[in-house]
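Colleague: Okay, handing you the structure first.
The values are calculated or read from the model by the stated rules, or taken from the named source; none is laboratory data. None of the values given here were measured: they were computed from a predicted structure. Ideal geometry is used to build each Cβ from the backbone, glycine not excepted, and the neighbour counts take in all protein chains shown. The protein model used for the area step is the full one, side chains on, heavy atoms only, and it has no ligands, DNA or RNA in it. Shrake-Rupley method; radii C 1.70, N 1.55, O 1.52, S 1.80 Å.
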Amino acid sequence: MEYILNESPYKTTNGFKINNIKLDLDIPEITYLNPVNKKFNSKIGLEFDKYDEYNITDDLTIEYSNSIGRVININVDDEGEYDILLKSLDDTKCFSYIKINTNIDNKKIKINVINLLNNKTDSFIAYDNKVNNKGELIINHIDLGGHFKVNNLYTELYDNSINKVNTIYIGDDNKLDYNYHIKNIGEKTISNMITEGILNNNSYKQHKGIIDFIEGCKKSIGEELENCILLDDKSISRSSPLLMCHEEDVEGAHGVSTGKIDKDKLFYLLSRGISEDEAKKIIILSNFNKIIDNINNLTIKDMVIEYINNNI
Amino acid sequence: MKTRVEEIDTNIYELKSTNTTLKKSIGLSPDIIKEISKEKEEPEWVLDLRLKALDYFNKLDNPNWGPDLSMLNIDEIATYVKPKVDNKRTWEEVPDDIKNIFDKLGIPEDEKKSLAGVGAQFDSEVVYHNIQDSLTKQGVIYVNFDVAIKEYPELIKEYFTKAVPIMDHKYIALHYALFSGGSFVYIPKGVHVDFPLQSYFRLNEKGAGQFEHTLIIVDEGATLEFIEGCSAPGYNELNLHAGCVELFVKKNAKLTFNTIENWSRNMLNLNTKKCIVEENASIDWVMGSFGSKISMLYPMSILNGENASCSYTLISFAGNGQNLDTGLKVIHNAPNTKTIVDNRSISKDGGICTFRSNVHIGKKADNSKVSLSCSSLMLDSISKSDTILVNTIENESVEFSHEASVGKISDQVIFYLMSRGYSEEEAKGLIVRGFAEPIAKNFPVEYAVEMNRLINMELEGTIG
């Protein structure tokens, strides 16, 4: 059955075709699907009448096997850093739906989500955040495994709060769709999105990033950067950075770069006796490192580096 | 110290002329279209095309994105307004009522000083068209589009509707149903036109629509600079501009297309522009959007030949009650193609500036390069400035970079200028002009002056 999970809240011309993509997903037990024309549906996603609910106070590993799907609602309330690991235990096709909710008031929370699902498993991850009163939310979304991947993020920022969203993706014969929307609502808020990724082997990536300055968010700052490396001619990269500005006293910027691996960097490494494959790997890892370095758990960090080394 | 604002005569665009209309049709129906076609003594294939386009207009919906166009009721628009004069070749033959307006806008003066040819359209018809004899001798054609249909049917049949098809969108269908006037330009192989050609479109009648069609073919190895100017006096009724520009730049040719658009604040400007660029050829779009109530304008370049390139130098300035939704679309279809974009938007007094771009790099476009930069300046908190970009890349060998920024005038810079003796208003005016300067310098000299004049007029009231 086809579902639209990721409609952009801002309409674009029909020719742009970025407002949504339809995904053919085998999702069990759906009782209600948001109407596709609902204005801010990136805020939510699908709703289920049966799901697992966690109020996490520690790291969480979610395991998938035997073609069984999981629908999980996660609430993060306490200050701290949390690693959420998604892992396939076998090579059966599963479905993963994760919704992560935060409501932060004058706290610092860091969430590291590591997707290590097998290449048959579809995943949908939605972040729904409200950050208030000097609160700070950092999300490191490391999207390494999985088949069809849809990731939505919706954040409301009030008074002096911060939301940083760092994303790494690897496209390898799969489809990826990111729909991030951060609203700077209060004064002196900071929104920051950094996305680094590679596409290989006939993969398709769509990245919509919206920095939304609402009237009254004086002295706020918003920044979005995306860097995509294409490793083959069959992959397609679509990026749609949107900067909506309804307040004068703000600083907003976005930048996108897409292309192949920098020739000069490659030449330098080759001239030092490193093989081409190894040199490419080093360059890609160096791009990813600034995000991976944000993860404090060394075991998780090593696991991520090892996965990247083995799968590029 | 005086601000430059006070030195500007702001009244020239508001000049109205009465008693200049010979014939007027209101609304849209097959009968009105047949009447327009009969009036113009068009061949039957043109009437068939008009009626087919009307059918598309009735079938297609308003876009479900961008500014709200529901206020437009085509049945209330004067869709064809024939002025009391036919196409003339000397200004002396143009009636004084109409000539005075073009005189005040400086068109005859510019023609003498710096132009190779001029076309002047008043409401639905071209009232003056002239080109230097030396260019005619080289085979250059620059005529009223209605004349071209009769005199150059082969060229028209080959190129007309080929860049912009009639079913492209609802308002291009409306254009093809009602098109009247405009210019046809053909530059033969290897001919370099040293001075620009200029077409000026003036909509005088209240509640009227203008639907001119511009078709330019720059043949192999030729060069041309074309200037398009538009203005209208303000009325309470809604006016509509649904023009169309089709450009064909052949192998090794070069075209620069300049537009200064200063429609009145009661105008819906729904213009469509497309250019097809062949091998080693280039199109440079230089555009300033200042007027109109709502603008939806996204010039498109289709880079079909190897080494083809396009550049966009754009500025838009939205004031109170204006919603300027502008941008561009580029398709890279061949290897080594190149796009450079520099866009500046300024919004004030509740004005809305939206910049949209859609760049598509296809599988064949090996080693293509795109550099896209857009900056927005907001002069107050009730205005809006949105940047909506979509980039699709299907080829790994491309270099694509894009950057955008939005913000207000820096307090530090104002403080610095005030410490040097400028008032706050003068400092802001200076900064806005500085922000627009990289774009202004790309306009032909007379038009850079015109653009500065428009910026100053826009700033009047808030600054100076």
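Colleague: When only Cα pairs under 8 Å and 6 or more residues apart are kept, what is the percent relative contact order across the range B:161-234?
Modeller: Dividing the mean separation by the residue count of the range B:161-234 yields 39 percent.
Colleague: Here's another thing I want to ask about it. Ranked highest first by average number of other Cβ atoms within 10 Å, how do A:74-85, B:347-358 line up? Can you show the working numbers first?
Modeller: On the way: A:74-85: 17.8, B:347-358: 23.5.
Averaged packing, sorted descending, gives the order B:347-358, A:74-85.
Colleague: What is the set of long-range amide H partners of B:Asn258 at a cut-off below 5 Å, with H atoms built 1.01 Å from backbone N?
Modeller: The list, which skips near neighbours in sequence, is B:Phe226, B:Ile227, B:Glu228, B:Val286.
Colleague: Which entries of A:Lys208/B:Lys59; B:Lys59/B:Lys274; B:Lys329/B:Lys364; A:Lys175/B:Lys364 have Cα-Cα distances beyond 20 Å here?
Modeller: Working: A:Lys208/B:Lys59 32 Å; B:Lys59/B:Lys274 23 Å; B:Lys329/B:Lys364 18 Å; A:Lys175/B:Lys364 22 Å.
Over 20 Å apart, Cα to Cα: A:Lys208/B:Lys59; B:Lys59/B:Lys274; A:Lys175/B:Lys364.
Colleague: Return the subset of B:Lys338/B:Lys441; B:Lys150/B:Lys254; A:Lys108/A:Lys183; B:Lys170/B:Lys273 for which the Cα-Cα distance in this structure is over 20 Å, preserving the input order. Don't jump to the answer; show the numbers that get you there.
Modeller: Numbers: B:Lys338/B:Lys441 22 Å; B:Lys150/B:Lys254 27 Å; A:Lys108/A:Lys183 18 Å; B:Lys170/B:Lys273 15 Å.
Table pairs above 20 Å Cα-Cα are B:Lys338/B:Lys441; B:Lys150/B:Lys254.
Colleague: So what does log10 I(q)/I(0) come out to for the range A:207-254 at q = 0.24, 0.29 Å⁻¹, using the Debye formula with one equal point on every Cα and no solvent?
Modeller: Per q value, in the given order, log10 I(q)/I(0) is -0.83, -1.05.
Colleague: So, one more: Hey, what's the Cα Rg ratio for the range B:242-373 versus the globular rule of thumb, 2.2 N^0.38 Å? Display every interim value, and only then the final one.
Modeller: On the way: Rg = 15.2 Å, N = 132, 2.2 N^0.38 = 14.1 Å.
Dividing the Cα Rg of the range B:242-373 by 2.2 N^0.38 Å gives 1.08.
Colleague: How much net charge surrounds B:Cys275 when only other residues with a Cβ under 15 Å from its Cβ are counted (Lys, Arg +1; Asp, Glu -1)? Intermediate results must be reported in sequence, preceding the final value.
Modeller: Numbers: positive: B:Lys162, B:Lys250, B:Lys251, B:Lys254, B:Lys273, B:Lys274, B:Lys329, B:Lys338; negative: B:Asp168, B:Asp219, B:Glu225, B:Glu228, B:Glu246, B:Glu278, B:Glu279, B:Asp284.
Taking every other residue near B:Cys275 into account, the sum is 0.
Colleague: Suppose we look only past 18 Å in the calculated P(r) of the range A:153-312. What percent of the Cα-Cα pairs does that tail hold?
Modeller: Working: 8011 of 12720 pairs.
Everything past 18 Å amounts to 63 percent.
Colleague: So what is the relative contact order for chain B, in percent, with contacts set as C-alpha pairs under 8 Å and at least six apart? Write down the numbers at each step before the final one.
Modeller: Numbers: 1168 pairs, mean separation 47.7, N = 464.
Reported as a whole number, the value is 10 percent.
Colleague: On to the next question. Take every residue in peptide B:403-415, count the Cβ atoms of other chains within 10 Å of its Cβ, and give the average of those counts.
Modeller: Working: counts 7, 10, 8, 13, 8, 7, 1, 1, 1, 0, 0, 0, 0.
Rounded to a whole number, the mean comes out at 4.
Colleague: How many square angstrom of accessible surface are buried between A and B, both sides summed, with a 1.4 Å probe and rounding to 100? Spell out each step's value before the answer.
Modeller: Numbers: alone 14080 and 18570 Å², together 29340 Å².
The A and B chains share an interface burying roughly 3300 Å².
Colleague: Rg and Dmax in Å for the protein assembly as shown, alpha carbons only: what are they?
Modeller: Both quantities, over Cα of the protein assembly as shown: 28.5, 89 Å.
Colleague: Hey, if you drop one equal point scatterer on each alpha-carbon of chain B and run the Debye formula without solvent, what base-10 log of I(q)/I(0) do you get at q = 0.10 Å⁻¹?
Modeller: For chain B, the Cα-only Debye profile gives -0.72.
Colleague: Summing +1 for each Lys or Arg and -1 for each Asp or Glu, what net charge is found among the other residues whose Cβ lies under 13 Å from the Cβ of B:Tyr312? List each step's numbers first, then the result.
Modeller: Details: positive: B:Lys273, B:Lys329, B:Lys338, B:Arg344, B:Arg356; negative: B:Asp284, B:Asp342.
Spelling it out: positives minus negatives among the neighbours equals +3.
Colleague: Then there is this: What's the Cα-based Rg to Rh of the range A:241-286, Rh via Kirkwood? Please report the intermediate quantities before stating the final value.
Modeller: Values: Rg = 17.9 Å, Rh = 13.5 Å.
Here Rg/Rh amounts to 1.32.
Colleague: For peptide B:365-378, how many partner chain Cβ atoms fall within 10 Å of a residue's Cβ, on average? Intermediate values should be presented prior to the final figure.
Modeller: Numbers: counts 0, 1, 1, 1, 1, 2, 0, 2, 1, 2, 1, 3, 1, 7.
Mean partner-chain Cβ count within 10 Å for B:365-378: 2.
Colleague: Kindly list the residues of the range A:87-116 that lie in the label zone of A:Thr61, defined by a backbone N under 18 Å from the point 7 Å along the Cα-to-C-beta vector.
Modeller: A:87-92, A:112-116
Colleague: Here's another thing I want to ask about it. Which whole number gives the average count of other chain Cβ atoms within 10 Å of the Cβ atoms across peptide A:230-239? Working shown, then result.
Modeller: Numbers: counts 7, 1, 2, 6, 4, 4, 6, 9, 6, 7.
Taking all residues of A:230-239 together, the mean is 5.
Colleague: Kindly provide the pair-distance distribution of the range A:209-302 built from C-alpha pairs, with 5 Å bins from 0 and whole-percent values in order of increasing distance.
Modeller: Binned Cα distances yield the sequence 3, 11, 15, 13, 15, 15, 13, 8, 5, 2, 1, 0.
Colleague: Roughly how many whole Å is it from the C-alpha centroid of the range B:124-202 to that of the range A:281-298?
Modeller: 58
Colleague: Mind grabbing the base-10 log of I(q)/I(0) for the range A:164-221 at q = 0.19, 0.24 Å⁻¹? Debye formula, identical points on the C-alpha positions, no solvent, two decimal places.
Modeller: -0.69, -0.89
Colleague: Restricting to DSSP loop positions (anything but H, G, I, E, B) with no more than 15 other Cβ atoms inside 10 Å of their own Cβ, which trypsin sites (Lys or Arg not before Pro) remain in the range A:219-312?
Modeller: Details: sites: A:Lys219, A:Lys234, A:Arg238, A:Lys260, A:Lys263, A:Lys265, A:Arg272, A:Lys280, A:Lys281, A:Lys290, A:Lys301; in loops: A:Lys219, A:Lys234, A:Lys260, A:Arg272.
Within the range A:219-312, the qualifying trypsin sites (Lys or Arg not before Pro) (loop, at most 15 other Cβ atoms within 10 Å) are A:Lys219, A:Arg272.
Colleague: With runs of 4+ DSSP H residues as the only contributors, calculate the mean residue ellipticity of chain B at 222 nm using -39,500 (n - 2.57) per run, divided by the residue total and rounded to the nearest 500. Each step should come with its number before you reach the end.
Modeller: Working: 11 runs with 112 residues, N = 464.
Calculated from helices alone, the mean residue ellipticity at 222 nm is -7000 deg cm²/dmol.
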